[in-house]
Amino acid sequence: MATVGRFAPTPSGRMHLGNVFAALVAWLSVRHDHGHMVLRMEDLDTQRTSGEFAQILREDLLWLGLDWDEETQPQSQRSEIYQTYFDRLEAMDLLYPCYCTRSQLHSVNAPHLSDGTYVYAGTCRNLSDEERAAFGRAPAWRVKVPDQAWTVDDKIQGIYTENLATHCGDFVVRRADGVYVYQLAVTVDDALAGVNQVVRGTDLLSSAPRQMYLQSLLGFPHPEYAHVPMLLAPDGRRLSKRDKDLDLGYLRAHTTPEHLIGVLAHSAGLLDAPAAISARELAAHFSFEKIRGDAIYLDAKELI
Ligand SMILES: [Zn+2]
């Protein structure tokens, strides 16, 4: 079966170096396998995203030499499709309305994980119809999760296991304002586009078990996952959007795509030396096994 990969950027600003790295690895794997690349704009947050940013993202990807075979409908236009799958989950009696306020969810009494995220305690799971009506406002909708471990066999990070009941609890699939959340949208979009390989940053590794659970409920196959490591400055600080000299607006004015790709590929373990190279030349040498799983240290001075 041919590899079908995807770029799934959020058009809320210029691409950052971390996004460039994930996009590069996703593209290298697909082109190495002579597969099919899908581009999808993840613009569920219509307040922060725009068509202008989407166009700049396309131009930035092409400047890097990363092309695609198909662009699918942006998420902001797909509410009716997400509704269809939401209705399926509801018909399975797996959804319920949650009226908890943000402060209740984040209160000190709620169970929290070491990274500060809260575990939903199931507060609204068994409310009666009268109790629900008494709130008098639109609820968020949560999907019930089983007490069961989900294992990701990640092509870069190795085995990652998570029990949704103890890691996040029943999670939101539609917000109170009617917007479908990332977990449901991504699961549906990847499956309907035939995506069978998901490459993205390790900050999303803990999303994979929730998506695998939704895939299993909706009858979708599980894609392969590869979560690329974070990029860190030499002092260990995480390179972020705040580093303006690391977004593509700055880098396009100060370097070449071949130089940028050479430095990234060398830092990641794909090249023995930081020699300038095009994405297309690099694709011939690509293997997930060469990519290091732990954080990658990168000196911004090398980039220009
Ligand atoms: Zn609740």
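The values are calculated or read from the model by the stated rules, or taken from the named source; none is laboratory data. Computed from a predicted model, the values in this text were never measured in an experiment. No Cβ is skipped: glycine too gets one built from the backbone with ideal geometry, and neighbour counts run over all protein chains shown.
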Looking only at the range 253-265, count how many residues are assigned to a helix (DSSP H, G or I), of a type outside the set (A, V, I, L, M, F, W, C) and at pLDDT 95 or above.
4
Among Gln55, Gln75, the single one that is touching a Leu at 6+ places or on another chain (Cβ under 6 Å) and of a type in the set (S, T, N, Q) is Gln75
Can you pull out every residue in the range 112-144 that is closer than 24 Å to Leu204 by Cβ, hydroxyl-bearing (Ser, Thr, Tyr) and more than 10 Å from the ligand (Cβ to nearest atom)?
Ser114, Thr117, Tyr118
Residue count for the range 198-216, restricted to those that are assigned to a helix (DSSP H, G or I), within 11 Å of the chain's Cα centre (by Cα) and not small (Gly, Ala, Ser)
5
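Is there a residue being at positive phi and without any contact (Cβ under 8 Å) to a residue 24 or more places away in the chain anywhere in the range 251-269? Step through it out loud before you land on a result.
Step one: list which residues in the range 251-269 are at positive phi, which gives 269.
From what's left, without any contact (Cβ under 8 Å) to a residue 24 or more places away in the chain: 269.
The answer is yes, given that some residue of the range 251-269 is at positive phi and without any contact (Cβ under 8 Å) to a residue 24 or more places away in the chain.
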Pull out all pairs, ordered by first then second residue, where Cβ-Cβ is under 8 Å, the residues are six or more apart or on different chains, the first lies in the range 237-248 and is at pLDDT 85 or above, and the second is of a type in the set (Asp, Glu).
Leu248/Asp60
Report every pair of residues separated by at least 6 positions or lying on different chains whose Cβ atoms are under 9 Å apart, first residue within the range 95-113 and within 18 Å of Ala176 (Cβ to Cβ) and assigned to a helix (DSSP H, G or I), second modelled with pLDDT of 85 or more and within 8 Å of the ligand (Cβ to nearest atom).
Gln104/Thr123; Leu105/Cys98; Leu105/Tyr120; Leu105/Thr123
Counting only residues that are closer than 20 Å to Met230 by Cα and in a loop (DSSP other than H, G, I, E, B), the range 13-37 contains a total of 3
Just for the range 157-197: of the residues that are of a type in the set (Val, Ile, Thr) and part of a strand (DSSP E or B), which one is surrounded by the most Cβ atoms within 10 Å (Cβ to Cβ)?
Val173
